[in-house]
Amino acid sequence: KNGEIQDIGYHSDYSNPLPKPFEGVIHAYPQPKIASISPDLAVEDSGPVTMTVEGEGFVNGSVLQVGGLRVPTQRVSATQLEATIPADLIKKVGTYMVLVGNPKPVSLRDPLHQDERSNPKYFMVKFK
């Protein structure tokens, strides 16, 4: 540099002037976990169903997804949610994956966890 020889070897006292990525809080919200859903079974064309979800990590803005569709959800506590599964979803017989999604973090995103969804549980709609 400027005609002087520069030592480019390792120095134990060197500190990187660039900030470390994802330092501090990575997740603004916890990842939700579902322990149980009730009911886990309904009969086709039986009308809307109110589902209770027990677990942990539920926050204001947590939303239940049934079969990939977001359904109206109310947070009862950090361990309980209530959601109304619309009658349109109950019209078709099948097994539907149930997930809880928390709002995306406001701070830095962790590239290893692209969303804040829970473990799956399954809701079945059986024939009349």
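The values are calculated or read from the model by the stated rules, or taken from the named source; none is laboratory data. Quantities reported herein were computed from a predicted structural model and do not represent experimental measurements. Here the Cβ is made from the backbone with ideal geometry for all residues, glycine too, and neighbour counts use every protein chain on show. What goes into the accessible areas is simple: the full protein's heavy atoms, side chains included, and nothing from ligands, DNA or RNA. Shrake-Rupley method; radii C 1.70, N 1.55, O 1.52, S 1.80 Å.
Can you confirm whether L64 is surrounded by 14 or more Cβ atoms within 10 Å (Cβ to Cβ) and without any contact (Cβ under 8 Å) to a residue 60 or more places away in the chain? Steps first, answer last, please.
Numbers: surrounded by 14 or more Cβ atoms within 10 Å (Cβ to Cβ): yes; without any contact (Cβ under 8 Å) to a residue 60 or more places away in the chain: yes.
For L64, the condition - surrounded by 14 or more Cβ atoms within 10 Å (Cβ to Cβ) and without any contact (Cβ under 8 Å) to a residue 60 or more places away in the chain - is met.
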Q: Give me the pairs, please: first residue somewhere in the range 34-55 and at positive phi and at pLDDT below 95, second residue anywhere and open to solvent by 70 Å² or more (accessible area, probe 1.4 Å) and among the basic types (K, R), beta-carbon distance under 6 Å, and either six or more positions apart or on two chains.
A: D45/K91
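Every residue, every condition in (1) closer than 16 Å to M124 by Cβ; (2) open to solvent by less than 20 Å² (accessible area, probe 1.4 Å), yes or no:
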residue: A35; (1), (2): no, no
residue: E44; (1), (2): yes, no
residue: M51; (1), (2): yes, yes
residue: N60; (1), (2): no, no
residue: V93; (1), (2): yes, no
residue: Y96; (1), (2): yes, no
Q | Every residue from the range 52-71 that is of a type in the set (D, E) and under 13 Å from the mean Cα position of the chain (by Cα) | A | E56
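Is it the case, given these coordinates, that S107 is in contact with a strand residue (DSSP E or B) (Cβ under 9 Å, 6 or more places away or on another chain) and at pLDDT below 95? Outline the logic, then answer.
Details: in contact with a strand residue (DSSP E or B) (Cβ under 9 Å, 6 or more places away or on another chain): no; at pLDDT below 95: yes.
No: the conditions fail for S107.
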